[in-house]
Amino acid sequence: MADLLTVSGLSLKTADKLLVEDLSFSIGQGERFGLIGESGSGKSLTSFAILGLLPASIRPTGSITLGGEQIVGASERRLSSLRGDAVACVFQEPLTALDPLMPLGRQIAGPVRRRLKREGIDSSRAAVKREVRVLMEQVRLPDPQRLFDAYPHEVSGGQRQRVAIAMALACQPRLLIADEPTTALDVTTQAEIVQLINALVADLGISLLFISHDLAVVGQVAERVMVMRNGRPVEIGTAQQVLTKPHDDYTRNLVAAARRFDAALEGGA
Amino acid sequence: MTLLSVENVGFSYGAGRRVLKDISFSVPRGSNVGLVGESGSGKSTLLRLLLGLDAPQTGRILFDGQPLEAKNRRYLREYRKRVQAVFQDPYSSLNPAHRIQRIVTEPLRSLKIGGNHLEMAREAIASVGLDADTLTRYPHQFSGGQRQRIAIARAIIARPELVLADEAVSALDLSTRVRVVDLFQEISENMTMVFVSHDMGVVAALCDQIVVLDRGHIVEAGATAEILRTPQHAYTQSLLASIPRMPIET
């Protein structure tokens, strides 16, 4: 399996602080990779670095290649086009990711139109609308007729996250980054979104970088995982190995904590 | 022995739709009761009623056999001596300009409780597992988990009979959450606790009884072990089934 994303020796620092240190991992074509970490672990900064969205005050060193293309040090123009066709992201809070004043259909239409133009295909209003409808069905949005003209505040949190996923998929990325995509959702909605992400990634054959503090959720999504702490990698391996037979002490503590609540649910508190 | 009794309580904000409909349950003295629900379940509104911040429009709440008079300031002062709260966000619930000693002893002053406040503060801070020198420092010098311990020290310093906890561990990292759950378990041995949370795992670890809320209704209530083993209501069943579990060793 050829690697789509290769991060090697990545460090992120501000003028006086090292935020991420010597991070190396790779994600294969079609692979689902999980990044686990508590607050301050540097997991979200890592995703910003891959997206080329780091604030100017944070300087990356090392290498990030996506489909063979170097991201560290690339021009904003180049990065912007990579974000258009190679990598897309879904964040934690769909309400802040969406424009509150724009109907949902038009929000999905934006990236759809850009892709159709880029690929030199028919980008007429009718063609864009057709494509938007396809995406809305793909993310299993109910009643697309009505939701097309609805505003973000008129739909549920789970539906907003489905819209955000549709927007991310609109550019047909090869890598989808999902950064805590279910953290703000109710647990029943979370289960649906996890299922949706798994199904989409498999159907489309794209790679997934799934970032979360929740070990059990990562375990439902990822084939391989990396655990980060204070900006450093502590353990990397198959999800099965790391979540059931962790080698590192820190990971072992996390796994034990997660299992404690699982055990309580089984009635063995 | 019932400490808190909620009887046929209904509530709506203004002329809006009913947020709570015919809520009834009781909290035995010495028990830990979990109020579980997702967003829109009414659990936060119910907690506001229990805190005396709002009064129910129908039904009533009895505390130690007497009606909770949310609009009677004199009653509420006495009530607060016996009922304290811990909230979700340890960053906003502690005044950043005050030293920990002043924060922790605040209930003693506002409730006009006498005695050696410094001594009581030392005792409270020790009982949540923090050093005595914590008292001379400021909130920003502590981590989220330590701040939540400070909030718990403040809640127990006046030796309340009932502690109301609102998503009190939800903002904490997993490893910290486990330790603060342990602390709640420890302090709840000497008092009654109502623990409001969306997190069934935490509630299962802490509470001997669970009340499951959905869209303003109680859909199920009973002993924790029973509800976990044989949930009766379809909503409880789907809630339990949706919780992601860790993979099993193969």
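The values are calculated or read from the model by the stated rules, or taken from the named source; none is laboratory data. None of these values were measured; they are calculated from a predicted model. All Cβ positions, glycine included, derive from the backbone under ideal geometry; neighbour counts span all protein chains shown.
Restricting the first residue to the stretch B:230-250 and requiring it to be within 22 Å of A:Gly219 (Cβ to Cβ) and facing chain A (nearest Cβ under 7 Å), which pairs with a second residue that is of a type in the set (D, E, K, R) and not in a helix (DSSP H, G or I) meet a Cβ separation below 8 Å and a spacing of at least six or different chains?
From residues that are within 22 Å of A:Gly219 (Cβ to Cβ) and facing chain A (nearest Cβ under 7 Å), the pairs are B:Leu239/B:Glu38; B:Pro244/A:Asp214; B:Glu249/A:Lys245.
If you scan the stretch B:200-234, which residues turn out to be touching a strand residue (DSSP E or B) at 6+ places or on another chain (Cβ under 8 Å) and assigned to a loop (DSSP other than H, G, I, E, B)?
Result: B:Cys207, B:Asp208, B:Gly216, B:Pro231, B:Gln232, B:His233.
Being of a type in the set (Val, Ile, Thr) and crowded, with 16+ Cβ neighbours inside 10 Å is the filter here, so list the residues in the stretch A:78-112 that pass it.
Restricting attention to the stretch A:78-112, the residues satisfying the condition of being of a type in the set (Val, Ile, Thr) are A:87, A:90, A:96, A:108, A:112.
Selection gives A:Val87, A:Val90, A:Ile108, A:Val112.
Which of the residues belonging to the stretch A:213-265 are closer than 18 Å to B:Thr250 by Cβ, acidic (Asp, Glu) and not assigned by TED's automatic domain parsing to the domain that holds A:Lys43?
The one that is closer than 18 Å to B:Thr250 by Cβ, acidic (Asp, Glu) and not assigned by TED's automatic domain parsing to the domain that holds A:Lys43: A:Asp262.
Condition check: of a type outside the set (Phe, Trp, Tyr), within 30 Å of A:Lys129 (Cα to Cα) and within 14 Å of chain B (Cβ to nearest Cβ). Does A:Glu76 satisfy that? Full working, then the answer.
Values: of a type outside the set (Phe, Trp, Tyr): yes; within 30 Å of A:Lys129 (Cα to Cα): yes; within 14 Å of chain B (Cβ to nearest Cβ): no.
Judged against the criteria, A:Glu76 is not a match.
Taking interchain pairs and intrachain pairs at least six residues apart, which have beta carbon atoms under 6 angstrom, with the first residue in the stretch A:145-160 and outside the structural domain of A:Ala184 (by TED's automatic domain parsing) and the second in a helix (DSSP H, G or I) and basic (Lys, Arg)?
Taking only residues 6 or more apart or on different chains, the pairs are A:Pro152/A:Arg160.
Exactly one of (1) more than 10 Å from every other protein chain (Cβ to nearest Cβ); (2) surrounded by 17 or more Cβ atoms within 10 Å (Cβ to Cβ); (3) without any contact (Cβ under 8 Å) to a residue 60 or more places away in the chain is unmet by B:Gly201. Its number?
Looking at each condition in turn, B:Gly201 falls short on (1).
State all residues of the stretch A:134-146 that are more than 17 Å from A:Leu196 (Cα to Cα) and surrounded by 12 or more Cβ atoms within 10 Å (Cβ to Cβ); if no residue qualifies, say none.
Correct list: A:Arg146 only.
Can you tell me how many residues in the stretch A:206-251 are free of Cβ contacts under 8 Å to residues at least 24 places away in the same chain, of a type in the set (D, E, K, R) and within 11 Å of chain B (Cβ to nearest Cβ)?
Residues in the stretch A:206-251 being free of Cβ contacts under 8 Å to residues at least 24 places away in the same chain, of a type in the set (D, E, K, R) and within 11 Å of chain B (Cβ to nearest Cβ): 1 in total.
Given the conditions (1) in contact with a Gly (Cβ under 8 Å, 6 or more places away or on another chain); (2) crowded, with 23+ Cβ neighbours inside 10 Å; (3) among the hydrophobic types (A, V, I, L, M, F, W, C), report the number of the one that A:Ile36 does not fulfil.
With (1) in contact with a Gly (Cβ under 8 Å, 6 or more places away or on another chain); (2) crowded, with 23+ Cβ neighbours inside 10 Å; (3) among the hydrophobic types (A, V, I, L, M, F, W, C) applied to A:Ile36, the lone miss is (1).
Those residues that are facing chain B (nearest Cβ under 8 Å) and among the polar types (S, T, N, Q), I need them from the stretch A:190-201; list them, please. Please lay out each step first, then the result.
Step one: of the stretch A:190-201, the residues facing chain B (nearest Cβ under 8 Å) are A:190-191, A:194.
Matches in the stretch A:190-201: A:Gln190 only.
Hey, among A:Leu209, A:Leu243, which residue is buried (at least 22 other Cβ atoms within 10 Å of the Cβ), among the aliphatic types (A, V, I, L, M) and more than 14 Å from the chain's Cα centre (by Cα)?
Values: A:Leu209 fails: more than 14 Å from the chain's Cα centre (by Cα).
Criteria check complete, one pass: A:Leu243.
Identify all residues within the stretch A:162-189 that are at the interface with chain B (Cβ under 10 Å from one of its Cβ atoms) and either over 24 Å from A:Thr244 (Cα atoms) or under 11 Å from the mean Cα position of the chain (by Cα) (or both); write none if there are none. I'd like the intermediate steps shown before the answer.
Quick first cut of the stretch A:162-189, residues at the interface with chain B (Cβ under 10 Å from one of its Cβ atoms) only: A:182, A:184-189.
Answer for the stretch A:162-189, where residues must be at the interface with chain B (Cβ under 10 Å from one of its Cβ atoms) and either over 24 Å from A:Thr244 (Cα atoms) or under 11 Å from the mean Cα position of the chain (by Cα) (or both): A:Thr182, A:Ala184, A:Leu185, A:Asp186, A:Thr188, A:Thr189.
All but one of (1) within 24 Å of B:Leu206 (Cα to Cα); (2) surrounded by fewer than 20 Cβ atoms within 10 Å (Cβ to Cβ); (3) in contact (Cβ under 8 Å) with a residue 12 or more places away in the chain hold for B:Leu164, so report the exception by its number.
The one condition B:Leu164 does not meet is (2).
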